[in-house]
Amino acid sequence: MFDKALFKGKTVVVTGAGRGIGLATAKAFLAHGADVIAHAGRSLPKEGALVEAERQGRCRLIAADFLEQGGVAAFSEAVRQQTDHIDILINNAGTMQGRFPAEGLTSQQYESVVQLNQTSVVALTTALLPDLKRAKSAAIINTVSISARTGGSPGSSIYSASKAFISTWSRALARELAPDGIRVNCVSPGTIDTDFHQRYSSAEKLEATRKSIPLQRLGTAEDCAPSYLFLAAPSLSGYITGQILEINGGQLMA
């Protein structure tokens, strides 16, 4: 595994760190020496690994609703109040919110999915770019999805399209920010066994998917977390930018 001091002295901002991939990623950065500022979702947790790390002074938990007007701005300001430098930004917050068939899709459904998975990512990155530019060898890592390439399953078209937007935007951003020494990459999870799929996929659908995956299992949040560490560390991936790292057990080969 990685050096336990790999991110010593580095400040990492992780959104969507209250559960799933975001939580596993925040814990992984803490385990490898980073100071973590974690977006905990709409409300702060009362217990858990991040709460304990906050007691130890190595983590700061901030609640924010990115669907609310001003939610992203409030979060970015709260981040700046906690640190004088940002080395790594992990844009992980996002979810499908529901399965919305194309016929009958409402403007409210469309706008909420786009706001959470697309607009808030652009807004937060833009807000924190001055801080990232002041860092040495900064990194931005955006969570996308296998559905950005496959189109997803029925009812997820807008979610999938928003992830495809972030994939393309990340490549463009990587080119634009390269002169500033900022690398931009994406992690693209496949079917990961988190509460995301417990909410939006049936047991039968998940089992059919599992059988189609060459490694014959669904992924876990812990399968994904090391990818963020790899892409964040200049010593490991300093010549990698504008890339999308697929974490799916070979699902795209099936």
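Give me the extension gain from Gln109 to Val51: residue separation times 0.36 nm, minus the current Cα-Cα distance, reported in nm with one decimal.
Details: separation 58, 0.36 × 58 = 20.88 nm, distance 3.30 nm.
Value of the extension gain: 17.6 nm.
Taking amide H as placed 1.01 Å from N in the peptide plane, Ser188 has its amide H under 5 Å from the amide H of Val144, Leu245, Glu246, Ile247, each at least 5 places away in sequence or on another chain.
Under the Kirkwood approximation for Rh and a Cα-based Rg, what ratio Rg/Rh is obtained for the chain?
Numbers: Rg = 17.4 Å, Rh = 18.3 Å.
Radius of gyration relative to Kirkwood radius: 0.95.
Ordered by the number of other Cβ atoms lying within 10 Å of each residue's own Cβ, fewest first, Asp84, Asp131 fall into the sequence Asp84, Asp131. Averaging Cα coordinates gives a centre for the range 205-242 and one for the range 31-90; these two points are 23 Å apart.
Applying 1/(1 + (r/R0)^6) with R0 = 22 Å to the Cβ-Cβ distance of Glu222 and Lys8 gives a FRET efficiency near 0.50. Would the range 115-155 count as rounded, prolate or oblate if I go by the C-alpha gyration tensor, calling it rounded below 1.5 in a/c and otherwise prolate when a/b exceeds b/c, oblate otherwise? Oblate. Take every Cα pair under 8 Å whose residues are at least 6 apart in sequence, average their separation, divide by the length of the range 11-243, and the relative contact order is 20 percent.
Counting alpha carbon pairs within less than 8 Å and at least 6 residues apart, what relative contact order, in whole percent, applies to the range 3-45?
Values: 73 pairs, mean separation 21.2, N = 43.
Relative CO of the range 3-45 lands at 49 percent.
Just so you know, all these numbers are worked out from the coordinates, no wet-lab data involved. Just so it is clear, the structure is predicted and the values come from calculations on it, not from any experiment. Cβ sites come from the backbone with ideal geometry, for glycine too, and all protein chains shown count toward neighbours.
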